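Coordinate-derived values only; no laboratory data. Quantities reported herein were computed from a predicted structural model and do not represent experimental measurements. Every residue, glycine among them, receives a Cβ derived from its backbone with ideal geometry; neighbour counts consider all protein chains shown.
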Amino acid sequence: MEKKLPDTIAIINQEWQDQGPLRLMFMDEARFGRISDTQACWCPKPFRPICQAMVTHQYTYAYGAVSVQDGGFDSLILPYVNGECTQIFLEEVAKRHPSDRIIMVMDGAGWHKSQAIDLPNNMRISFLPPYAPELNPVEHIWDELREKWFHNRVFTSLEAL
């Protein structure tokens, strides 16, 4: 991927008839839920920390895309991970960057390759190689969020989450 990406971008850019700046973005989805993740935490001696836990299986999904040139991040919270929600997200990103030609890099999930997805005019898709999530910078954003903000917490509802 790292070696082929410049060639892939050049080919897409050459085949694209429209004008405008090229924006390379990586996208991914993550599931966040009301099931809590307890981790070790600090508290002064001789006290012991009290962490609540919850095993409610309610989830919502965060869609995110990061622009590698400027670090901009576009996101939406949607109820499902499927072709329809992916379509909504791609249209929203295209609307947020109307003058740019967007190359969206994503993994090979089935709903990303759905025939029902109708790409906006200012967007093209490139797929990551299989089994290579470490190549997607958005994966690191989800890890950071989970590590820093979602452990040892209980949410009263999906809206609170």
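What number comes out for the charge environment of Ala109, summing +1 per Lys or Arg and -1 per Asp or Glu over other residues with Cβ under 12 Å away? Each step should come with its number before you reach the end.
Values: positive: Lys113; negative: Asp28, Glu29, Asp107.
Its environment carries a net charge of -2.
Determine, for His140, His97, the number of other Cβ atoms within 10 Å of each Cβ, and report the residues in order from fewest to most. Intermediate results must be reported in sequence, preceding the final value.
Numbers: His140 13, His97 20.
Lowest count first: His140, His97.
Below 10 angstrom from the Cβ of Tyr63, what's the summed charge of the other residues (Lys, Arg +1; Asp, Glu -1)?
Values: positive: none; negative: Asp28, Glu29, Asp74, Glu92.
Summing Lys/Arg as +1 and Asp/Glu as -1 gives -4.
Per-residue HN-Hα couplings for the stretch 93-110, Karplus 6.51 cos²θ - 1.76 cosθ + 1.60 at θ = phi - 60°, whole Hz, x for Gly and Pro?
4, 4, 5, 6, 10, x, 8, 9, 9, 9, 9, 9, 9, 9, 6, x, 4, x
For the stretch 9-149, what is the largest minus smallest coordinate of the Cα atoms on each principal axis, given in angstrom and ordered from greatest to least?
Here the spans come out as 68, 29, 28 Å, largest first.
Just add up the charged neighbours of Phe26: K/R +1, D/E -1, any other residue whose Cβ is under 10 Å from the Cβ of Phe26. Don't jump to the answer; show the numbers that get you there.
Numbers: positive: none; negative: Asp28, Asp107, Glu139.
Here the count lands on -3.
Can you tell me how much longer the chain between Leu22 and Ser99 gets when fully stretched, taken as 0.36 nm per residue apart minus their C-alpha distance, in nm with one decimal?
26.8 nm
Estimate the FRET efficiency between Glu15 and Tyr59 by the formula 1/(1 + (r/R0)^6), using the beta-carbon distance for r and 45 Å for R0, to the nearest 0.05.
On the way: r = 39 Å, r/R0 = 0.86.
Efficiency for this residue pair is about 0.70.
Pull out the extension gain between Cys43 and Phe127, defined as 0.36 nm times the separation in residues minus the alpha carbon to alpha carbon distance; nm, one decimal. Can you show the working numbers first?
On the way: separation 84, 0.36 × 84 = 30.24 nm, distance 4.49 nm.
Between Cys43 and Phe127, full extension yields an extra 25.8 nm.
So, R0 is 35 Å and r is the distance between the beta-carbons of Glu92 and Lys4; what FRET efficiency does that work out to, to 0.05?
Numbers: r = 28 Å, r/R0 = 0.81.
That pair, Glu92 with Lys4, gives E of 0.80.
Compute the label zone of Glu84 within the stretch 96-129: residues whose backbone N is under 16 Å from the point 7 Å along Cα-to-Cβ.
Output list for this probe position: 111-112, 114-118.
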